[in-house]
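Enquirer: Handing you a structure now.
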Amino acid sequence: MILTTPAPADLDIDVIRQQFPILDRMVQNKPLVYFDNAATTQKPQAVIDTISEYYSKYNANIHRGIHSLAEEATAAYEASRTAVQQFIGAAFPEDIIFTRGTTEGINLVAYTWGRANIRPGDEILISGMEHHSNIVPWQILCEEKKAVLKVIPVLDNGELSMAQFKSLLGPKTKMVAIAHVSNALGTVNPVKHIIEAAHRAGAVVLIDGAQSAVHLDIDVQDMDCDFFAFSGHKLYGPTGIGVLYGKKNILESMPVFHGGGEMIREVTFERTTYNDLPYKFEAGTPNIAGAIALKTAIDFLNNIGKGHIRKHEADLLEYATAELEKIPGLTIVGKARNKVGVISFVIDGFHPQDIGVLLDNQGIAVRTGHHCTQPLMRRFNIPGTVRASFAVYNTLAEVDVLIAGLWKSLKMLS
């Protein structure tokens, strides 16, 4: 990972940890050590308070009401859209569509842009490290449209084969859908290079930003992606809220996704005309509290600074990697040159699930299994991994607890 911003001398992790009430709890009579951040991050008190404040002070539906509560809720909801626009460097607020999460954003593109643009024989290009959410929607589309799904292979070190990418990319390629960061390996993919090459071939590009939005500086205009999707719950925000960014001209050309209230301009029994962006894709009552609290989560990140967070997480990654490699029989899966704070590993002779259960008995939360990347696990000929993933509130002392917990677990399993 390229780190351009040094960590400030006064980055006090203890003060940051105090903002997360769940970190005070005990699990199995042990202090919680939470290393499952790639699945979902914990929430600072400010995010929790924002949700509570909405429901206790100005709970109302948005956009269609003229009373004070509705106007307050609408203003807060749209302020969050503007915050997201600035957070990812979008050109216009209407480029930002609120969704339930990354999964819905990808499905929206597959079901609308895909159905309108993919023809028999066309090719959709994904990678071998994709989350199921960036595989299954394209499989469904290919089956329906008699299109072809092609896959960029993953090298032994967990990086994509860029030589194979170039050979797979061709005049039949209509969509390239790629994870910015692998949830299972932590690999940071060279998406700007991928986007440039795909555009030269005439393809549209969707970037799955579920794992990158919290770690990396995102500028969708500089990146020049056509779509970018991410989830609020992976960047200290609530569950059930996410974002799909799309270039305005592409979004305007796409058919609607869901039908219902707000996405319409006029409805008669004969025909319906649709609303302007972004409301065209936001049918029904949305997760208003979640959208508003997403702005609070973005403010939390911005106040600390992603560069400072990256530096801290890189220190955790470097230290944890060195300590894990001291354990006999342990193999780290995914040693890309450019990584975020994710370590997946296996230990000879031990099933990942058994290790996960024994760590949980010691209050240590890690993720075990295939991480919704079954094809990637098959690529490495393993059933799954143990995955530790880091956040700003994690500490070197917690890494020591993990390492000690692994040594203890191995003794119990031996």
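The values are calculated or read from the model by the stated rules, or taken from the named source; none is laboratory data. Small disclaimer: the values here were computed from a predicted structure and weren't measured. Counting neighbours? That spans all protein chains shown, and the Cβs are built from the backbone with ideal geometry, glycine included.
Enquirer: Within the stretch 395-410, does at least one residue satisfy the condition of being at pLDDT below 95, surrounded by fewer than 23 Cβ atoms within 10 Å (Cβ to Cβ), under 30 Å from S161 (Cα atoms) and touching a helix residue (DSSP H, G or I) at 6+ places or on another chain (Cβ under 8 Å)?
Expert: no
Enquirer: Going through E144, E94, E130, E123 one at a time, which residue ends up being in contact with a helix residue (DSSP H, G or I) (Cβ under 9 Å, 6 or more places away or on another chain), modelled with pLDDT of 95 or more, of a type in the set (D, E, K, R) and over 20 Å from C225 (Cβ atoms)?
Expert: Just a single option satisfies the conditions, and that option is E144.
Enquirer: If you don't mind, another one. Of all the residues that make up the stretch 106-156, how many are touching a residue at least 12 places away in the same chain (Cβ under 8 Å), in a loop (DSSP other than H, G, I, E, B) and either over 18 Å from Q211 (Cβ atoms) or hydroxyl-bearing (S, T, Y) (or both)?
Expert: Quick first cut of the stretch 106-156, residues touching a residue at least 12 places away in the same chain (Cβ under 8 Å) only: 106-135, 137-138, 140-142, 144-154.
Among the residues that remain, those that are also in a loop (DSSP other than H, G, I, E, B) are: 118-122, 128-131, 135, 146-147, 153.
Narrowing further to those that are either over 18 Å from Q211 (Cβ atoms) or hydroxyl-bearing (S, T, Y) (or both): 118-122, 146-147, 153.
The total comes to 8.
Enquirer: Of the residues G209, G259, only one is within 13 Å of the chain's Cα centre (by Cα) and among the small types (G, A, S); which?
Expert: G209
Residue-by-condition table, conditions (1) at pLDDT 95 or above; (2) closer than 26 Å to G384 by Cβ; (3) out of contact with any Pro (no Cβ under 6 Å at 6 or more places or on another chain); (4) not hydrophobic (A, V, I, L, M, F, W, C):
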| position | (1), (2), (3), (4) |
| --- | --- |
| K172 | yes, no, yes, yes |
| V176 | yes, no, yes, no |
| E196 | yes, no, yes, yes |
| A210 | yes, yes, yes, no |
| A213 | yes, yes, yes, no |
| D217 | yes, no, yes, yes |
| D222 | yes, no, yes, yes |
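Enquirer: Between residues in the stretch 180-206 that are part of a loop (DSSP other than H, G, I, E, B) and residues that are among the charged types (D, E, K, R), which pairs lie under 6 Å by C-beta distance while being six or more apart or on different chains?
Expert: Every condition considered, the pairs that remain are G186/K339; A203/K174.
Enquirer: Can you pull out the residues in the stretch 213-237 that are of a type in the set (S, T, N, Q) and crowded, with 24+ Cβ neighbours inside 10 Å? Can you show your working first?
Expert: We begin by selecting, within the stretch 213-237, every residue of a type in the set (S, T, N, Q); these are 221, 231.
Matches in the stretch 213-237: S231 only.
Enquirer: Moving on. Which members of the stretch 332-349 meet the condition of being surrounded by fewer than 18 Cβ atoms within 10 Å (Cβ to Cβ) and in a strand (DSSP E or B)?
Expert: Taking the stretch 332-349 and keeping what is surrounded by fewer than 18 Cβ atoms within 10 Å (Cβ to Cβ), we get 332, 335, 337-338, 348-349.
Of everything in the stretch 332-349, just one residue is surrounded by fewer than 18 Cβ atoms within 10 Å (Cβ to Cβ) and in a strand (DSSP E or B), namely I332.
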